[in-house]
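Reading through the structure tokens given below for one structure.
All of the numbers you see were taken from the coordinates with simple rules; none came from a lab. Note that the structure is a prediction, hence the values are computed from the model and not measured. Positions of Cβ are backbone-derived with ideal geometry, glycine not excepted, and every protein chain shown enters the neighbour counts.
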Amino acid sequence: MAYFFIADTHFGHEAALAFDNRPFKTIEEHDEALIENWNNAAGPDDEIFVLGDISWYNATKTNEIVRALNGKKHLIVGNHDRNLLKNREFQSLFMEITDYKELLFPDKKGVVLSHYPIPCFNHHYYGWYHLYGHVHISFEWNMMKRVKYEMEMLYDKPCEMFNCGAMIDYMEYTPRTLEEILERQKDSEIK
């Protein structure tokens, strides 16, 4: 069993294709690619944390997609998930639904999960990680990168916060483990 993370899948959200410059001709192609990538990365026993904004579709279509996705799914609620939360079947497809989550690993390091970036996240002084979404590839993400840089200069310690939106180059529309995110984002910075 492994833990995977992804944010801002935006199934069915045609405007996201242009907004994020997602490399798909149609929303159907987009959705098929995300489902295929998800199921190739994660198995049925893996834990997948969706950090908000899972779908733009109605509950019926969204439920169909979520049922097709491998793993034990957890939803960290995003700003576009509220209407879906009114549907009991949608709720039943997740192990848990919460606004915020902290995971503690055996090495005593943890991960703070939120749809929204939190620059002063819990235990940021002590080597914890923060995974978030919401800001896509936008001026807000650039702002978060600047805040991260300033915090590292101020505290002389790494600020381990990472955007895991599906459209981010190191995510490639695929749920990733924490280790993959850390390694792939380093490679992304080198490019």
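Structural remarks
- Unit charges at the beta carbon, dipole of the range 1-134: most positive-side option, Phe5, Phe105, Pro23: Phe105
- Under the simplified labelling scheme, the Met95-Glu64 pair shows an inter-label distance of 2.7 nm, with each label point 7 Å from Cα along Cα→Cβ.
- Neighbourhood charge, 14 Å Cβ-Cβ cut-off, centred on Thr60 and excluding it, Lys, Arg +1 and Asp, Glu -1: +2
- Local electrostatic count, Ile181, Cβ distance below 12 Å [Lys/Arg +1, Asp/Glu -1]: -4
- GNM top mover of Phe105, Phe49, Phe11 - the chain, alpha-carbon springs below 10 Å: Phe105
- Part-to-part distance (alpha-carbon centres) for the range 63-79 and the range 2-36, which is given in Å: 14
- Look at the dipole of the range 64-164 built from charges on Cβ: of Ile76, Cys120, Met95, the Cα furthest out on the positive end belongs to Met95.
- Annotation: the antiparallel percentage among DSSP beta bridges lying fully within the chain is about 25.
- Only helical runs count toward this figure. For the chain, summing -39,500 (n - 2.57) over DSSP H runs of n ≥ 4 and dividing by all residues gives -10500 deg cm²/dmol at 222 nm.
- Rounded to the nearest Hz, the phi-derived 3J(HN,Hα) couplings of the range 173-181 under the Karplus curve 6.51 cos²θ - 1.76 cosθ + 1.60 (θ = phi - 60°) are 6, 9, x, 10, 6, 4, 4, 5, 4, where x marks glycine and proline.
- For the range 3-190, the relative contact order works out to 24 percent when only alpha carbon pairs closer than 8 Å and six or more residues apart are counted.
- Per the Debye calculation on the range 83-191 with a single equal scatterer at every Cα and no solvent contribution, log₁₀ I(q)/I(0) for q = 0.15, 0.17, 0.18, 0.20 Å⁻¹ amounts to -0.71, -0.89, -0.99, -1.18.
- Comparing Ser55, Ser138, Ser114 in a Gaussian network model of the chain, where Cα atoms under 10 Å apart are tied by springs, the biggest mean-square fluctuation is seen for Ser138.
- Simple Cβ-charge dipole of the range 72-191, Lys/Arg +1 and Asp/Glu -1, about Cα centre, in debye nearest 20: 300
- Couplings for the range 83-96, taken from phi via the Karplus curve 6.51 cos²θ - 1.76 cosθ + 1.60 with θ = phi - 60°, read 5, 5, 5, 6, 9, 5, 5, 4, 4, 5, 7, 10, 5, 7 Hz in order; Gly and Pro are left as x.
- Highest GNM mean-square fluctuation among Val66, Val77, Val147, for the chain modelled with Cα contacts below 10 Å: Val147.
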